[in-house]
2 protein chains.
Amino acid sequence: MITTAEILTRAKAAAPTLLTVSTEQKNQALEAMAFALLSQTDHILAENEKDMERARGHISDVMLDRLLLTKARIQGMADGILAVAKLPDPVGRILKETVRPDGLVIQKRAVPMGVIAIIYESRPNVTSDAAALCIKSGNGCVLRGGKEAFLSANAITQALQDGLSTAGLNPDLVQLIQDTTRQSSMELMTATGYVDLLIPRGGAGLIRACVENATVNCIETGTGICHVYVDKAADLDMALNIINNAKTSRPSVCNAEEVCVVHSAVAERFLPMLKTRLADERAAAGLTPVELKLDERAAQIIPGTPAGPQDFDTEFLDYILAVKVVDSVEEAISHISAHTTHHSEAIVTADRAAADLFVQTIDAAAVYVNSSTRFTDGGEFGLGCEMGISTQKLHARGPMGLEELTTYKYIIHGNGHVR
Amino acid sequence: MITTAEILTRAKAAAPTLLTVSTEQKNQALEAMAFALLSQTDHILAENEKDMERARGHISDVMLDRLLLTKARIQGMADGILAVAKLPDPVGRILKETVRPDGLVIQKRAVPMGVIAIIYESRPNVTSDAAALCIKSGNGCVLRGGKEAFLSANAITQALQDGLSTAGLNPDLVQLIQDTTRQSSMELMTATGYVDLLIPRGGAGLIRACVENATVNCIETGTGICHVYVDKAADLDMALNIINNAKTSRPSVCNAEEVCVVHSAVAERFLPMLKTRLADERAAAGLTPVELKLDERAAQIIPGTPAGPQDFDTEFLDYILAVKVVDSVEEAISHISAHTTHHSEAIVTADRAAADLFVQTIDAAAVYVNSSTRFTDGGEFGLGCEMGISTQKLHARGPMGLEELTTYKYIIHGNGHVR
C-alpha cells in the first residue's frame, strides 16, 4: 500500500507540471477523464457493489443511497467533468495592473494554489467533481474519501488517472489516500509544505477536527443553522412560501432553514398560517409534517413541541423548525447574531430600512431579502460548479467555485529598477 | 488588570457598531485619534522613557532605537493616521453583481472581518498604524504588543481611545492586551468566535507558534529568504546594481536578498564584479563589506567564506550573501523552489523565454524580472499603507493593504423567490 507521505510527495512533485499547461490541454485532459470514467463503468460498478455489500445493515438507507452508483450516476459524473471543461479558466486572470511613476509594471495575476487536499465522506461522485475542479484550476488533488466508499472511489480515481495519462498529463495530479483510518486525515491536516489548501467536506465533527488540528491552510465548510425572520412589515403570504421552500424543499442540506423568527406584531396572524401550511396540510397530503418547536410566546399562539434552549443551536437537517417570537428587527438581529453559523440568513419585509439594517449587520456568507435561503449554491449563484460552501471569512466565503481554488501572485517587470 | 477574555468580549461587542458608521465618520475618528496622539505627546514620551530605562542594558542598541519615541516620531505616527484617513474606504465595494434569469439580484460586497488581533514586537508605532488600518477597514482591533514597549503602547492606545470617544465611536474598538506573558498570545490564537483574523508580525518563532497553535484564521507574514538569479542572458551591470540594492540598501528587512544564484556561463565574469562592488569597494569606502558565502563552484572563482548547507536556508538580515552557481534556468528554479519562503524572488535576464518560465513556475508572493526584490512593500505597490506581508496563499498574498483587511458577503434581493 502506498503511504500517505509518498502520495503527498508525488502530488507536490506533480503539481508544478500544470503551471505550464495551456487551457486547451487541461480541457482535453478533462475530456479524457470523462471518457475513461464511462469506458470503465463496469469495473466501477463492480467495485461499488462490493462497497454496498459490506455497508448493508451497517449504515442507514439514506447513506446507502448516497453510496450507490448506477450507470446513470456515472454518466452524470462524466457530464459533470465535461461541464467543468466548458467553464472559463480561472488561472492567469489579471486581477490588477499598476504602472508605477518610475515605470515599474506590477501585475496581480491569478495562479493555482498548488496541492489541494479534500477530506470527504461517502458520496463517490465527490471524487470526480473535486478532481475535475482541481485540474481545471491548475491544482494537484489529493482525495481522502470515506471508508465505506473506498473501493468505489479507488476505481473512479484509477479511471481519472488513466484519462490524465492518455492526455499526456502526470497521473499523480489526482490521487486517492489509501489509508482510511483517522491517521491519514491527521497527516493531511499537518502536511505543511505539501498541502496548500485543505477542504473538509462533511459533518460538524470533521470540520471541528480540522479547525482544531490543521496547521495547513484550511477552509471551514458547510454547517448551516439558517434563520428566516418574518418582519412586522412582511407580506405574510410571501413569507409563508419562502419558509415552506426553505424548510421543506430539501431539509437535509446546509442551506435549509432551521429557525423561524417572527415579529410579535404579526405572530398571531402568521403562526396559525405556518402551522396549517407546514404541518396540517402536509399531513393531509400524506407528506411528512414539519414539527414546530416553539418558544414560550409562540406556544401561546399555536400548539406544538416546547423548544428547549439547544433547539436554537441545532442543525436539524430534518422536518423540524424552531420558532421564536421577537418584538423588533433589532431583537431578531441580536438573536440571529448570537446563534448564526454564518451561512445564510433571510429577512422577509417590505420595509426598506429594516432590510438595510438586517443586511448591514448580519454576519453571514449570504444575507437574503425576500427570498429563500436555498439559493446559497454554486450553481444558483452562477459559478457553474461548487467545491463546498465556506462559512469562514478568510479567502472565500459562501459557494466556492473555480476562482476560489486559485490564489494570486504579483509579477513585476522592471528595467534594472532599484529602490 | 482587565483580562484578555474581557478585552475580547468587549471587542466583539464593539466591532458591529462600526458596520453602520459612514466613511466620513470613520475619517473624523481617525483625525481625532491623530489629534489626541499629538496632544498627549508629553505623557507618551514620559511612559516611553520608563520603557527605555527598563530596557537599557537588556536589549541591543538596534532594538533600543526601535523602542525609542521622540516628538518627531509621534508626529510621524499622527501623520500616518491622517494618511490612512485619506485612502479610499475598502468597505462596501461591490465586487460583483449578477442578475439571475429569474430576476434574483446577487451582490458580492466587501465587508469588515469583524475583530482583527495583531501580535507584534517592540516598535510602538505599530500600535497606531494597526489601529488606524483596522478602524478605516471597519474592524475592531485587539493589540498584543511586546513586553519591552508595554507602557509606550498603553499610553498610545489610551490616546487613540480618547480620539475614538471624542468622535462618538466606542473606545473598545481599539484595545491593548494588558497581559504580556505568552499566555495572552495563546489566548488570542485560540479565541474562536472572538477573533476573526489574527496577524502575527514578528520573527520566525512567533509565526511558527501561530501556525502551530492557532485555531482562529491567521495570516503568516514576513520571513523572506529572497533570491536573485543572474541568468546567462543577463545584463551584468544591471544585475550588479539590482543585487547591490537588494542586499545592501536595508539588510534587516524581509524583502532584502539573501541568496544570489548565478548561471555558470557568466559566473567567471560576474562573480569578480560582485566581490569588487559588495565587498572591496564598500570596505574601501568605510562601509560594512558584504560577506560572501560561496558554494564550491563559486569558491573556485572568487575568494570568500565556504557556504555550509544551512546558509541557503537562512534569513541573514545582515551584510551576508550566499552565492550558488547553476548550469541552467531550470536548475536555478529548482534550487529556489526547494529553498523559497514564498516571499520575493527575482531573475535578471534579457531572455524573454527564461523570464516567462521563471515567472510561471516560481511559487512566491512577488516574482521580479530585472528589478530589485526591495519593492515588495505596500507603499511601493501603491496600496498607500501596509499591515504586513503575507507569505501564505490563502486570502492575501504579498503586501496587505486595506482591501486585504476586508472579507465579503453575498447580499441577495428577491421578490418572494423560492428555489
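The values are calculated or read from the model by the stated rules, or taken from the named source; none is laboratory data. Predicted, not measured: the structure shown is a model, and the values here were computed from it. A quick note on method: Cβ atoms are made from the backbone with ideal geometry, for glycine too, and the neighbour counts reach across all protein chains shown. Heavy atoms of the whole protein, side chains included, go into the accessibility calculation; ligands, DNA and RNA do not. Shrake-Rupley method; radii C 1.70, N 1.55, O 1.52, S 1.80 Å.
From the phi of every residue in segment A:211-227, what ³J(HN,Hα) in whole Hz does the Karplus formula 6.51 cos²θ - 1.76 cosθ + 1.60 yield, where θ is phi - 60° and glycine or proline is x?
These are the phi-based 3J(HN,Hα) values: 4, 6, 10, 5, 9, 8, 5, 9, 10, 6, 10, x, 5, x, 9, 8, 10 Hz.
Cα axis of helix A:41-55 to longest principal axis of chain A: angle in degrees, 0 to 90, nearest 10?
So the inclination is approximately 50 degrees.
Give me the accessible area of B:Met113, 1.4 Å probe, in Å² rounded to the nearest 10.
Roll a 1.4 Å probe over it and B:Met113 shows about 0 Å².
Debye sum, Cα scatterers, segment A:1-105, no solvent: what log₁₀ I/I(0) at q = 0.12, 0.18, 0.23 1/Å?
Log10 of I(q)/I(0), two decimals: -0.70, -1.09, -1.15.
Nearest 10 degrees, 0 to 90: what angle lies between the long axis of helix A:71-86 and the longest principal axis of chain A (Cα atoms)?
Long axis of A:71-86 versus the principal axis of chain A: about 70 degrees.
Put A:Leu383, A:Leu317 in order of accessible area, largest first, 1.4 Å probe: what do you get? Could you put the intermediate results ahead of the total?
Values: A:Leu383 35, A:Leu317 70 Å².
Correct descending sequence by accessible area is A:Leu317, A:Leu383.
Keeping every protein chain in place, order A:Asp318, B:Asp51 by accessible area at 1.4 Å, biggest value first, i.e. largest first.
The most accessible residue leads, giving A:Asp318, B:Asp51.
Let me have the relative contact order for segment B:260-419, percent, based on Cα pairs under 8 Å that are six or more residues apart.
Reported relative contact order: 16 percent.
Just to verify a number: FRET efficiency for A:Asp318 and B:Thr288, C-beta to C-beta distance, R0 = 51 Å, to 0.05?
0.10
Just add up the charged neighbours of B:Phe35: K/R +1, D/E -1, any other residue whose Cβ is under 14 Å from the Cβ of B:Phe35.
So the surrounding residues net to -3.
Which three semi-axes in whole Å describe the equivalent ellipsoid of segment A:186-238, each the square root of 5 times a Cα gyration tensor eigenvalue, listed largest first? Before the final figure, lay out each step's value.
Values: eigenvalues 289, 20, 12 Å².
In descending order, the three semi-axes are 38, 10, 8 Å.
Debye sum, Cα scatterers, segment B:254-410, no solvent: what log₁₀ I/I(0) at q = 0.11, 0.13, 0.18, 0.20 1/Å?
Normalising to I(0) and taking log10 leaves -0.50, -0.68, -1.17, -1.34.
Assuming a ≥ b ≥ c are the square roots of the Cα gyration tensor eigenvalues, decide whether the protein assembly as shown counts as rounded (a/c under 1.5), prolate (otherwise, with a/b larger than b/c) or oblate.
Oblate is the answer for the protein assembly as shown, as a/c is 1.5 or above yet b/c matches or exceeds a/b.
Which distance in nm do the two modelled labels at A:Glu330 and A:Ala204 give, with both placed 7 Å along the Cα-to-Cβ direction?
With each label point 7 Å from Cα toward Cβ, the separation is 3.1 nm.
Hey, quick one: spin label on B:Gln178, modelled 7 Å out along Cα-Cβ, who in segment B:1-29 has an amide N within reach, i.e. under 15 Å?
Only B:1-11 fall inside the zone, counting backbone N under 15 Å.
Over 5 Å intervals from 0, what percent of Cα-Cα pairs in segment A:40-156 sits in each interval?
2, 11, 17, 17, 15, 10, 8, 6, 4, 4, 3, 2, 1, 1, 0
Which percent, nearest 5, of DSSP beta bridges in segment A:244-403 are antiparallel?
Numbers: 2 of 17 bridges.
DSSP beta bridges in segment A:244-403 are roughly 10 percent antiparallel.
Using a label point 7 angstrom from Cα along Cα-to-C-beta, what distances in nm, from shortest up, separate A:Ala46 from the other copies?
Here the equivalent label points are 8.8 nm apart from this one.
What nm value, rounded to one decimal, do you get for the distance between A:Glu403 and B:Ser337 when each label is placed 7 Å out toward the C-beta?
For A:Glu403 paired with B:Ser337, the spin-label model returns 2.9 nm.
With each pseudo-label sitting 7 Å past Cα toward Cβ, what's the B:Glu49-A:Ala13 distance in nm, one decimal?
Result: 6.6 nm between the two label points.
Going down the table (B:Lys26/B:Lys71; A:Lys108/B:Lys232; A:Lys136/A:Lys409), which pairs top 22 Å between alpha carbons? Could the numbers behind the result be given before it?
Details: B:Lys26/B:Lys71 26 Å; A:Lys108/B:Lys232 27 Å; A:Lys136/A:Lys409 18 Å.
Pairs exceeding the cut-off: B:Lys26/B:Lys71; A:Lys108/B:Lys232.
To one decimal in nm, how far is B:Ala83 from the same spot in the other copies, if labels go 7 Å from Cα toward Cβ? Please give the shortest first.
5.0
Can you give me the Cα centroid spacing of segment A:194-217 and segment A:1-38 in angstrom?
Between the Cα centre of segment A:194-217 and that of segment A:1-38, the gap is 22 Å.
List the cysteines of chain B that have no other Cys Cβ closer than 4.7 Å: which are they?
B:Cys210, B:Cys218, B:Cys226, B:Cys254, B:Cys260, B:Cys385
Taking a label point 7 Å out from Cα toward Cβ, give me the nm distances from A:Glu6 to the same spot in the other copies, shortest first, one decimal.
5.8
In A, who owns the beta-carbon nearest the axis carrying A over to B, and how many Å from it?
Residue with the nearest Cβ, plus whole-Å distance, for chain A: A:His395, 2.
Report, largest value first, the span of the C-alpha coordinates of chain A along each principal axis, in whole Å.
69, 68, 36
Check B:Cys226: other-chain or 5+ apart residues with amide H under 5 Å from its amide H, H built from backbone geometry?
Answer set, sorted by chain and number: B:Glu258, B:Val259.
Could you work out the relative contact order of chain B, using alpha carbon pairs under 8 angstrom and six or more residues apart, expressed as a whole percent?
Once normalised by length, the contact order is 17 percent.
Among the aspartates and glutamates, which fall within straight-line cross-link reach of B:Lys12, defined as a Cα-Cα distance under 16 Å, with same-chain neighbours fewer than 8 residues apart omitted?
The reachable aspartates and glutamates, counting only those whose Cα sits under 16 Å from B:Lys12, are A:Asp363, B:Asp172, B:Glu187, B:Asp196.
Want the number for A:Gln310 to A:Lys86: 0.36 nm per residue separation, take away the alpha-carbon distance, what's left? Intermediate results must be reported in sequence, preceding the final value.
Numbers: separation 224, 0.36 × 224 = 80.64 nm, distance 4.52 nm.
Extending this stretch completely gives an extra 76.1 nm.
Given a 1.4 Å probe, how much area per residue of segment A:37-193 is accessible, in Å²?
41 Å²
Mind grabbing the accessible area of B:Thr314 for me, 1.4 Å probe, Å², rounded to tens?
40 Å²
Tell me, what % of the accessible area of chain A is carbon and sulfur with a 1.4 angstrom probe?
Of the solvent-accessible surface of chain A, carbon and sulfur hold 50 percent.
For B:Arg109, A:Arg54, give me the order by solvent-accessible area with a 1.4 Å probe, most accessible first, ignoring ligands, DNA and RNA.
Result, largest first: A:Arg54, B:Arg109.
Could you run the Karplus curve 6.51 cos²θ - 1.76 cosθ + 1.60 with θ = phi - 60° over segment B:382-392 and give me ³J(HN,Hα) per residue in whole Hz, x for Gly and Pro?
Once θ is set to phi - 60°, the couplings for segment B:382-392 become x, 7, x, 6, 7, 9, x, 10, 6, 10, 9 Hz.
Under the classification rounded if a/c is under 1.5, otherwise prolate if a/b is larger than b/c and oblate if not, where does segment B:227-272 fall, given a ≥ b ≥ c as square roots of the Cα gyration tensor eigenvalues? It would help to have the intermediate numbers written out before the result.
Working: a/c = 2.54, a/b = 2.06, b/c = 1.23.
Prolate, because a/c is 1.5 or more and a/b exceeds b/c.
Please report the relative contact order for segment B:102-242, taking Cα pairs under 8 Å with a sequence separation of at least 6, and give it as a percent rounded to a whole number.
Numbers: 199 pairs, mean separation 32.5, N = 141.
Computed over segment B:102-242, the figure is 23 percent.
Accessible surface of B:Asp129 in the full protein assembly, 1.4 angstrom probe, to the nearest 10 Å²?
Looks like 60 Å² after rounding.
How far, in degrees from 0 to 90, does helix B:125-136 lean away from the longest principal axis of the Cα atoms of chain B, to the nearest 10?
60 degrees
When DSSP beta bridges are limited to those with both residues in the protein assembly as shown, what percentage is antiparallel, rounded to the nearest 5?
Here the antiparallel bridges make up roughly 30 percent for the protein assembly as shown.
Based on C-alpha coordinates, I'd like the Rg and Dmax of segment A:134-263, in Å.
Looking at segment A:134-263, its Cα Rg and Dmax stand at 20.3, 62 Å.
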